[in-house]
Amino acid sequence: MTALCRDCLSTYEAGRRCPHCASLRTIEHPELFDLTIAHMDCDAFYAAVEKRDNPSLADKPVIIGGGKRGVVSTACYIARVNGVRSAMPMYKALKLCPNAVVIKPRMQAYIDASRAIRSFMQELTPVVQPLSLDEAFLDMSGTQRLHGAPPAVMLAKLVKRIQIELELSGSIGLSYNKFLAKVASDFDKPHGFFVIGQAETTKFLHDKPVHLIWGVGSATQRSLNKAGIRTFSDLSRWDQQDLIARFGHIGDRLWHLARGQDSRRVSSNDPIKSISHETTFNHDITDIAVLDGHLWRLAQKVSDRAKSKQLAGHVITLKLKRSNHSTITRRITIQHATQMTDTIYQNARILLDQFKTNEPFRLIGCGLSHLCLDDQADVTEDLFDPHTKQRQKTERATDVIRKKFGSHAITKGRTLR
């Protein structure tokens, strides 16, 4: 069996220690140089960027999040040892790790680092499918002739380059389909490189919990548990048609994944399905006028992103979270797609006006979905609002000013609420 040293990138006949540099960071697997589908995931990405940019944080627990009323975006591994997890309410995270350094997200810094990593990936293969700023699938099929080395070697070189040039770390999952590559990347974090081959799939999955399936949330997990399905071996005992009858279309997917089967291709052209922004308040808000100011700012952020992507949408969504953390979502479908702040805001405000109880809210969000290209957006006159075209013209002129002089160069009065 041939092995790979992750430090010096040499290959050699299997042995625990690299004969060239004496490193113990080696990978041995009978299918190591045959597999081509990879998932690369940065380790505690936001927190890692903060520690890189501020070395005094190196040995401290770091939480990236939005204040005491918000949630954890990312926690470094020191904080995770104390039980802090992503999406955890901030007050709970600080109870578990009271000495943590809490940092407000610096999205531009993370975007810049993500772009650099993406460019490294695209030097290896044109087939890169980003999932978020810090993770992506790569299809390395046919790249061995180009690089003169198997995909596994080039992937090890990728994470080494990220570490040297960007001072960040990542973990690799390598397999023969997307599902197993994603599972593999979580098995050896941080600084990991884990391989799942075809010959071992059934044995590997046998006793693993079904929550490893990407997209199986808490509701689906509860439904599976009620059916006595907790592990892949439980799932594999079910007949395909019985799973479909019990769980609908997801039942067919579960049947195939239980056997390690995933026919989805890595695609670099997956369309954006929705655009949304939300904000969590420091204190519960009951004042509709104050909520209105937040709603306008969120609509503007959604509009800015849609315009930058040359997209428009038919469905506008309002999201509210009550003080007891229960979430309300309302949607409105418009006949003609839009990307305009004014249209997004006006329709979201209609949804907000449905709540007349002055109840306290801790979060508000706004979104745009059912997206399409913007070449047919905002082209039709509104018979019930003859001033629509004039407002659109004004907004386009405002966009030019904001682009030239900054986002705060010109604002509406409601933005100051």
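Some points to look at:
- Rounded FRET efficiency, nearest 0.05, which uses the C-beta distance separating E278 from D242 and R0 of 35 Å: 0.35
- When the listed pairs K157/K309; K157/K189; K208/K321 are checked against a 26 Å cut-off, the alpha-carbon distance exceeds it for K157/K309; K208/K321.
- Cysteines in the chain lacking any other cysteine Cβ under 4.7 Å from their own Cβ: C42, C76, C97, C366, C372.
- Computed over the chain, relative contact order equals 12 percent, with contacts defined as Cα pairs under 8 Å that lie 6+ residues apart.
- Estimated at 0.36 nm per residue, the fully extended path between S263 and Q221 surpasses their Cα-Cα distance by 12.8 nm.
- Other-chain or far-sequence residues with amide H under 5 Å of A337's (modelled H): D378
- Entries in K104/K182; K60/K160; K60/K307; K92/K182 that, when Cα-Cα distance is taken, lie over 32 Å: K60/K307
- Inter-label distance, nm, simple model (7 Å from Cα along the C-beta direction), A116/R17: 3.5
- Phi-based couplings in Hz for the range 87-92 (Karplus 6.51, -1.76, 1.60; Gly and Pro marked x): 6, 6, x, 4, 4, 6
- The charge dipole of the chain, taken about its Cα centre with unit charges on the Cβ atoms of Lys, Arg (+1), Asp and Glu (-1) only, comes to about 1120 debye.
- In this structure, the amide hydrogen of F361, modeled 1.01 Å from its nitrogen in the peptide plane, lies closer than 5 angstrom to those of I285, T286, counting only residues at least 5 positions away or on a different chain.
- Of the DSSP H helices in the chain, those that are both long (alpha-carbon extent of 20 Å or more along the helix axis) and hydrophobic (Kyte-Doolittle mean at least -1.0) are 107-124, 151-166, 288-308.
- Linear extension gain, R25 paired with R330, 0.36 nm per residue minus alpha-carbon span: 104.7 nm
- Taking trypsin sites (Lys or Arg not before Pro) across the range 78-122, the ones in a DSSP loop with at most 16 further Cβ atoms lying within 10 angstrom of their Cβ are R85, R106.
- Stretch gain in nm, segment R322-F355, where the contour uses 0.36 nm per residue and the Cα spacing is subtracted: 10.7 nm
- C-alpha center-to-center spacing [the range 64-132, the range 167-245] in angstrom: 23
- Based on the Stokes-Einstein relation at 37 °C and a viscosity of 0.692 mPa s, and on the Kirkwood radius from alpha carbon pairs, the range 171-291 is assigned a translational diffusion coefficient of 195 µm²/s.
- Proximity of backbone amide H atoms, modeled 1.01 Å from N, is registered between V72 and A87, M88, M90 at under 5 Å, excluding neighbours fewer than 5 places apart on the same chain.
- For percent of Cα pairs over 34 Å apart, calculated from these coordinates, the label among (1) 66; (2) 44; (3) 27: (2)
- DSSP beta bridges in the chain [antiparallel fraction, %, rounded to 5]: 90
- Spin-label proximity, K309 to the range 122-139 - amide N less than 12 Å from point 7 Å beyond Cα toward beta carbon: 132
- What you get for the range 259-310, charging only the Cβ of Lys and Arg (+1) and of Asp and Glu (-1), is a dipole of about 520 debye around the Cα centre.
All of the numbers you see were taken from the coordinates with simple rules; none came from a lab. None of the values given here were measured: they were computed from a predicted structure. So basically every Cβ, Gly included, is an ideal-geometry build from the backbone, and we count neighbours across all protein chains shown.
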